[in-house]
1. Among the candidates 252, 154, 145, which residue alone is of a type outside the set (Gly, Ala, Ser) and in a strand (DSSP E or B)?
2. Any chance the stretch 302-325 includes a residue that's over 30 Å from residue 39 (Cα atoms), touching a strand residue (DSSP E or B) at 6+ places or on another chain (Cβ under 8 Å) and of a type in the set (Lys, Arg)?
3. For the stretch 158-191, which positions are out of contact with any Phe, Trp or Tyr (no Cβ under 8 Å at 6 or more places or on another chain) and among the basic types (Lys, Arg)?
4. Suppose we keep only residues that are surrounded by 14 or more Cβ atoms within 10 Å (Cβ to Cβ) and assigned to a loop (DSSP other than H, G, I, E, B) within the stretch 285-325. Which one would you say is nearest to the chain's Cα centre (by Cα)?
5. Go over the candidates 151, 125 one by one and state the one that is at pLDDT 95 or above, small (Gly, Ala, Ser), within 19 Å of the chain's Cα centre (by Cα) and surrounded by fewer than 24 Cβ atoms within 10 Å (Cβ to Cβ).
6. Can you tell me which residue among 214, 238 is assigned by TED's automatic domain parsing to the domain that holds residue 199 and touching a Gly at 6+ places or on another chain (Cβ under 8 Å)?
7. Cβ contacts < 6 Å: first residue closer than 14 Å to residue 265 by Cβ and assigned by TED's automatic domain parsing to the domain that holds residue 200, restricted to the stretch 112-124; second residue small (Gly, Ala, Ser) and in a strand (DSSP E or B), any location; separation 6+ or different chain. Result?
8. Give 237, 267, 260 a once-over and let me know the one that is surrounded by fewer than 16 Cβ atoms within 10 Å (Cβ to Cβ), within 27 Å of residue 112 (Cα to Cα) and modelled with pLDDT of 95 or more.
Amino acid sequence: MKLVSYKTEDREHLGVFVNGHIYNLNSCDKQLPDEMNAFLAGGEELMDRAKKIDAQIKSGAIEPKEEAFYELLAPVPHPTSCRDGYAFRQHVAAARRNRKVDMIAEFDQYPIFYFTNHNAIQGPGEIECMPDHFQKLDFELEVAIVIGKKGRNITAAEADGYIAGYMVMNDMSARTLQMEEMLLNLGPAKGKDFSTVIGPWLVTPDELEQYKVSAKPGHTGNAYDLKMTCTVNGVEVSAGNMADMDWTFAEIVERCAYGVDILPGDVIGSGTVGTGCFLELNGTGLLNNPDFKPQWLQDGDVVEMEVTGLGHLSNIIKKVDTDFSILALKKK
């Protein structure tokens with residue numbers, strides 16, 4: 001099942017995406033909320049009701065009215081929180097190699113994550129960025145999960161049962177801001193908190209069964225063979241696979257839930273796939289060729305991400321027309 005959040009006449013709604021069309025769930029079953037957070041809070045009971053409606057639409061048993069005019073939103077427009085992991089060893093190793101430092105041994109000992117701004121979640125469409133963000137503005141190609149039920153002190157062996165679904169994720173990054181503030185060993189903050197993009201829909205785990213593969217040796221949890229790509233203005237710049245995650249989402253959830261509650265509506269990203277951002281690509285290019293010309297996102301760029309089974313996420317990058325600069329506020 002593909003769950004979507006969308007807007008009509010300035011009202012948010014919850015629907016299913018079937019064969020290129022969106023159908024409102026509440027209009028098919030009045031016991032289903034017309035909003036994603038309330039739906040996720042209802043747990044497995046509401047998920048099962050929604051799957052029944054989805055199956056009836058696909059079989060032709062019911063013919064609900066499709067939505068004709070709508071704005072597609074982030075599948076979870078108002079997450080209860082947003083964390084981002086660091087699960088792909090290839091990306092971490094390449095980034096450290098490009099900085100001429102050794103691979104850090106701790107990567108293989110435990111998964112890590114950071115909290116980002118859950119109020120800056122966006123979906124398909126236009127992404128507005130401030131002028132300072134364009135000082136080395138970057139994409140990051142990722143996959144994200146959404147938590148479907150409350151839990152605490154969850155083991156990796158049981159953690160997949162807490163995942164409501166999967167989405168494409170673009171962890172937007174302003175590298176100049178990020179690198180400056182992390183010199184103080186705290187963050188990332190302003191380099192990350194302005195936009196995290198998820199979409200186009202939330203895909204339930206049952207739809208990914210055909211792609212399931214074994215986790216890497218020594219790891220626990222579900223893994224999936226899903227090709228991941230990113231193009232900028234129609235040119236492919238990144239390609240990887242979700243199966244290359246060294247730490248599984250189950251293991252990341254295990255760490256997230258240690259001593260704290262995870263809640264329905266929490267979003268957790270995988271971290272960047274290998275080759276999945278300009279920071280890594282530029283570093284590798286300069287390492288191999290001193291004349292390499294780095295690339296960063298520019299005003300008007302079209303960023304398109306696609307992950308097998310999870311869909312196509314498209315955004316247009318726009319610069320806000322203002323002279324306000326946080327970089328200019330630095331003390332001398």
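The values are calculated or read from the model by the stated rules, or taken from the named source; none is laboratory data. Just so it is clear, the structure is predicted and the values come from calculations on it, not from any experiment. Heads up, the Cβs are rebuilt from the backbone with ideal geometry, glycines too, and the neighbour counts pull from every protein chain shown.
1. Details: 252 fails: in a strand (DSSP E or B); 154 fails: in a strand (DSSP E or B).
After applying the criteria, what remains is 145.
2. Yes, the stretch 302-325 has at least one match.
3. 190, the sole residue that qualifies.
4. The qualifying residue nearest to the chain's Cα centre (by Cα) is 310.
5. Values: 151 fails: within 19 Å of the chain's Cα centre (by Cα).
From the options 151, 125, the qualifying one is 125.
6. Answer to the check: 238.
7. 118/81
8. Sole residue among the options that is surrounded by fewer than 16 Cβ atoms within 10 Å (Cβ to Cβ), within 27 Å of residue 112 (Cα to Cα) and modelled with pLDDT of 95 or more: 260.
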